[in-house]
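The values are calculated or read from the model by the stated rules, or taken from the named source; none is laboratory data. From a predicted model like this one, the values you see are computed outputs, not experimental measurements. Glycine also receives a Cβ, built like all others from the backbone with ideal geometry; neighbour counts cover every protein chain displayed. Just the protein is used for accessible areas: all its heavy atoms, side chains included, with ligands, DNA and RNA removed. Shrake-Rupley method; radii C 1.70, N 1.55, O 1.52, S 1.80 Å.
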Amino acid sequence: AGVAAPPSAADAADATAAATAAYEPHPKLAPLRRLLAAARESAAAATPGAMSAEAAALGEVYRRAATDGELLEEGVEQLLRLLQPGPGAVFCDLGSGRGEALLHVAARGRYRGCIGVELLEERHSTAVGSLAAAVGDGLLPSPVRLVRGDLTEVGAWVERERAE
């Protein structure tokens with residue numbers, strides 16, 4: 001059996017150009033967009049200011065978790081165009097925040113699963129609420145699992161799941 005040749009620089013440039021073409025919002029995502037905007041506004045009203053007490057108490061290593069950026073819908077679409085995931089794909093969002101990118105992926109296609117991991121409780125709670133609303137409205141053809149936890153403890157999660 002032969003080994004596939006890596007894509008040429010021209011092929012890679014073409015793929016990047018196609019993925020970064022002018023963004024046209026996908027019409028089937030309009031209800032999800034509205035749902036996520038409402039969740040974002042509710043979360044902002046509940047915790048005005050830049051950083052929650054929980055985030056501040058976590059220490060220097062985790063403080064950035066409260067202020068790092070998020071992947072917007074256009075970025076999710078570009079990522080999906082570049083990756084071209086099939087129905088057997090599993091999308092993992094490590095540092096999933098309010099779950100917006102994860103829910104956009106779950107709404108865009110039928111995948112084996114979408115998993116989001118978030119450290120901060122308030123962001124995780126917002127994601128759980130958004131997930132419940134999106135599932136209730138029938139907006140997600142892919143299964144979604146949200147986990148609140150620290151990525152540095154992933155080994156412990158695996159052991160707990162094996163024991164269950």
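Annotation note: of Ala132, Ala101, the sole residue that is within 16 Å of Leu72 (Cα to Cα) and free of Cβ contacts under 8 Å to residues at least 60 places away in the same chain is Ala101.
Condition check ((1) assigned to a helix (DSSP H, G or I); (2) under 12 Å from the mean Cα position of the chain (by Cα); (3) not aromatic (Phe, Trp, Tyr)) across all residues:
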{"residue": "Gly97", "(1), (2), (3)": "no, yes, yes"}
{"residue": "His104", "(1), (2), (3)": "yes, yes, yes"}
{"residue": "Glu122", "(1), (2), (3)": "yes, no, yes"}
{"residue": "Ser125", "(1), (2), (3)": "yes, no, yes"}
{"residue": "Val128", "(1), (2), (3)": "yes, no, yes"}
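A residue that is over 18 Å from Leu32 (Cβ atoms) and open to solvent by less than 10 Å² (accessible area, probe 1.4 Å) occurs nowhere in region 134-141. For region 71-91, the tally of residues that are touching a residue at least 60 places away in the same chain (Cβ under 8 Å) and surrounded by 22 or more Cβ atoms within 10 Å (Cβ to Cβ) stands at 0.
A single member of Ala163, Ala132, Ala156 is more than 24 Å from Gly86 (Cβ to Cβ) and modelled with pLDDT of 95 or more, and it is Ala132.
With respect to the conditions (1) in contact with a Leu (Cβ under 8 Å, 6 or more places away or on another chain); (2) crowded, with 17+ Cβ neighbours inside 10 Å, Leu94 falls short on a single one, namely (2).
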